[in-house]
Amino acid sequence: MKILLVEPFFVGSHATWAKGYQQFSQHEVEILQLPGRHWKWRMYGGAVSLAREMEKINFQPDLLLVTDMLDLTTFLALTKEQTAHLPVAIYFHENQITYPWSPADADKKIERNNQYGFLNYTSALAADSVCFNSLYHQDVFLEALPPFLRQFPDFQEIDLVDNIRKKSTVLSLGLDLKRLDDFKIETTHEIPIILWNHRWEYDKNPDAFFKVLFRLKNENIDFRLVVLGEKYHQSPPIFAEAKAYLKEEILHFGYAPDFATYAEWLWRADIIPVTNFQDFFGGSIVEAIYCNTYPILPNRLAYPVHIPVEHHSKHFYDGTEEQLYLKIKMVLERLKNNPTAFSENNYVHHYDWRIFAPTYDAFFSKVISDYH
């Protein structure tokens, strides 16, 4: 079976996911992509450019697999001679209806441009199958659609949301977790290491994360800090403040220069406290958990599915800074007395592509057979 994977925003987790499925699928997967920059323009214009690129490729797919960054209706209209007979699946890494925008974004001042969310909606309508990276993501998107559509003056077509619901499914994010094993290091250190390995953006709520660490430092509670993740042009100012105030605790502060460095820090870290406002799956958190970094998670978003229910009380807090502080303090104290207090776990190993790719393959085979 041949799959054409169409990705207008080929960078970061989008690119890693596409290349991972291409590598581990039993099917033949060809990737049609554009560079991952100017995300708003990619949602508007990416379909036009990718339609032109499709004319140049010598590949006859059995299935189109596209992502949420594509204006699918425009793409299908411009490639109808090549795609009219093909089933289409769309994979939602995120969506622009429920994604929390930064207060600094220009569109925030005009109460955001609804076109981005509407493109997600019409693309879901046009697809034969709609895939979400978590049940949480599927639920919030489908719940948000009716109120989103009611803001328009007439012909809101809210009943069509049921059409999307009926063809929706959850395909968790596949990750190349076993790759991390190559960089596993056995280390012991007296002072526990706290990890941040997310993007340096508003939706990851760095203010809450660092304010708790400031409080721990002020109370003379020992810890070390590793801050990874990609920095953007307008990163929240709390990062600069934290770099100065926590300079005695910092072991690393900035984007890892290569995967080996990134992986080694994950294996060395002891605790990953999470404060995020938004995570439709949480790939960086899953990677840290795989490397035996102890997760302290808010009881919301996609996180509950990553931890077995019987262990929820150990790893989840109610989302407040006070509860996060108490959880971190407790874990730090236990690690100080016993550096091996938290044994290895296998909470997330099933997300590895070697295990999960056959699930993708079987699902997309069924999409094709159902279509025909």
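The values are calculated or read from the model by the stated rules, or taken from the named source; none is laboratory data. Everything numeric here is computed off the predicted structure, so don't read it as measured data. Note that each Cβ is placed from the backbone with ideal geometry, even for glycine, and that neighbours are counted across all protein chains shown.
In this structure, does Leu225 turn out to be more than 19 Å from Leu324 (Cα to Cα) and assigned to a strand (DSSP E or B)? Considered against the rule, which asks whether it is more than 19 Å from Leu324 (Cα to Cα) and assigned to a strand (DSSP E or B), Leu225 comes out as no. What number of residues in the stretch 290-318 are in contact with a strand residue (DSSP E or B) (Cβ under 8 Å, 6 or more places away or on another chain), under 23 Å from Lys211 (Cα atoms) and either buried (at least 16 other Cβ atoms within 10 Å of the Cβ) or acidic (Asp, Glu) (or both)? Adding up the residues that qualify gives 11.
Could you tell me whether Thr98 is β-branched (Val, Ile, Thr), in contact (Cβ under 8 Å) with a residue 12 or more places away in the chain and crowded, with 17+ Cβ neighbours inside 10 Å? So Thr98 passes the test. The set of residues in the stretch 185-221 being in a loop (DSSP other than H, G, I, E, B) and surrounded by fewer than 14 Cβ atoms within 10 Å (Cβ to Cβ) consists of Ile185, Glu186, Thr187, Thr188, His189, Glu190, Glu219, Asn220. Name the one entry in Glu264, Glu287 that is at pLDDT 95 or above, of a type in the set (Asp, Glu) and more than 23 Å from Pro236 (Cβ to Cβ). Every option except Glu264 fails the conditions. Regarding Ala341, is this residue modelled with pLDDT of 95 or more and either of a type outside the set (Val, Ile, Thr) or under 21 Å from Val226 (Cβ atoms) (or both)? In short, no.
Within the stretch 207-231, can you find the residues that are at pLDDT below 95 and under 16 Å from Phe277 (Cβ atoms)? Answer for the stretch 207-231, where residues must be at pLDDT below 95 and under 16 Å from Phe277 (Cβ atoms): just Gly229.
Please go through the stretch 244-268 and give me each residue that is touching a residue at least 60 places away in the same chain (Cβ under 8 Å) and among the hydrophobic types (A, V, I, L, M, F, W, C), ordered by number. Phe259, Ala260, Ala263, Trp265, Leu266, Trp267, listed by residue number. Could you please find all residues in the stretch 270-320 being touching a residue at least 40 places away in the same chain (Cβ under 8 Å) and assigned to a strand (DSSP E or B)? Result: Ile271, Ile272, Pro273, Tyr294.
Restrict the check to the stretch 133-145 and report whether at least one residue is within 27 Å of Phe209 (Cα to Cα), out of contact with any Cys (no Cβ under 6 Å at 6 or more places or on another chain), in the same structural domain as Phe209 (by TED's automatic domain parsing) and aromatic (Phe, Trp, Tyr). No, the stretch 133-145 has no match at all. In the set (1) under 30 Å from Pro257 (Cβ atoms); (2) in the same structural domain as Phe92 (by TED's automatic domain parsing); (3) of a type outside the set (Phe, Trp, Tyr), the condition left unmet by Asn120 is number (1). Scanning the stretch 1-18 for residues that are surrounded by 17 or more Cβ atoms within 10 Å (Cβ to Cβ), out of contact with any Gly (no Cβ under 6 Å at 6 or more places or on another chain) and farther than 18 Å from Gln82 by Cα yields His14, Trp17, Ala18.
Is the stretch 337-360 home to any residue that is assigned to a helix (DSSP H, G or I) and over 30 Å from Ser25 (Cβ atoms)? Yes; the residues of the stretch 337-360 include at least one that is assigned to a helix (DSSP H, G or I) and over 30 Å from Ser25 (Cβ atoms). Suppose the filter is touching a Leu at 6+ places or on another chain (Cβ under 6 Å), within 29 Å of Tyr232 (Cα to Cα) and either free of Cβ contacts under 8 Å to residues at least 60 places away in the same chain or not hydroxyl-bearing (Ser, Thr, Tyr) (or both); does Ile194 pass it? The answer is yes for Ile194. Tallying residues that are surrounded by fewer than 11 Cβ atoms within 10 Å (Cβ to Cβ) and part of a loop (DSSP other than H, G, I, E, B) within the stretch 152-184 yields 4.
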